1. Could you order PHE57, PHE30, PHE99 by accessible surface area, starting with the largest, using a probe radius of 1.4 Å?
2. First check a/c for region 7-137, with a ≥ b ≥ c the square roots of the eigenvalues of its C-alpha gyration tensor; if it is under 1.5, answer rounded, and if not, answer prolate when a/b is larger than b/c or oblate otherwise.
3. Treat each spin label as a single point 7 Å out from the Cα along the C-beta direction, and report the ASP36 to PHE125 distance in nm.
4. Return the distance in nm (one decimal) between the two label points of a simple spin-label model at ASP8 and LYS20, each offset 7 Å from Cα along Cα→Cβ.
5. Report, ordered by chain and residue number, the lysines lying within cross-link reach of LYS41, taken as a straight Cα distance under 22 Å and ignoring same-chain residues fewer than 8 apart.
6. Report the net charge of residues surrounding PHE128, where surrounding means a beta-carbon distance below 12 angstrom and charges are Lys +1, Arg +1, Asp -1, Glu -1.
7. Could the peptides 116-126, 84-94 be put in order, highest first, of the mean number of other beta-carbon atoms found within 10 Å of their residues?
8. When Lys and Arg each count +1 and Asp and Glu each count -1, what net charge do the other residues less than 13 Å away from TYR24, Cβ to Cβ, add up to?
Amino acid sequence: SNTEKTVDERLLAVCEILEKHVDYYNWVGFYFKNGDKNELKLGPYVGAPTDHTIIPFGKGICGQVAVSNENFVVPDVAAQDNYIACSITVKAEIVVPLFVNGENVGQIDIDSNTPNPFTDEDERFLEFVCAEVAKIIE
Ligand code: SME
């Protein structure tokens, strides 16, 4: 039988490693552009289930990154307008776009229950993770 992992299994493993090894990464997931629709669709994730499995472009932190192509670090989610709350325990969020052949195809989204935990080091690290993930999905 074919014992190779599927792409979704590999992406889930990435989420699991990040959530397990970084104490302030409390929800870790991927969103991907949904075909030719102007929306994101939830992919593999670890953490509390979210109602927000579809996010229109421009809405929330994730939807803004879908159109800006830039990292979005939110030190305090309570201070953000255009934020989509998934859990009342979340204090901060980071979203880093995922590029395949220069195209923004999705993003990694991390929620933290710790206020203001994300540094430049997280951004550089998650850019590296996204570049590695791009090799898995391209
Ligand atoms: N907070 C996100 C929505 C996704 S949840 O964090 C899983 C946003 O504002 O886009």
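The values are calculated or read from the model by the stated rules, or taken from the named source; none is laboratory data. The structure presented is a predicted model; accordingly, all values stated were derived computationally and were not measured. Cβ placement follows ideal geometry from the backbone for every residue including glycine, while neighbour counts extend to all protein chains displayed. Remember, those area values only see protein heavy atoms, side chains included, never the ligands or the DNA or RNA. Shrake-Rupley method; radii C 1.70, N 1.55, O 1.52, S 1.80 Å.
1. PHE99, PHE57, PHE30
2. rounded
3. Each label point lies 7 Å from its Cα, and together they span 4.0 nm.
4. 2.1 nm
5. Cross-link targets: LYS5, LYS33, LYS59, LYS135.
6. Details: positive: ARG124, LYS135; negative: GLU121, ASP122, GLU123, GLU127, GLU132.
Its environment carries a net charge of -3.
7. So the peptides 116-126, 84-94, ranked by packing, come out 84-94, 116-126.
8. Summing Lys and Arg as +1 and Asp and Glu as -1 gives -4.
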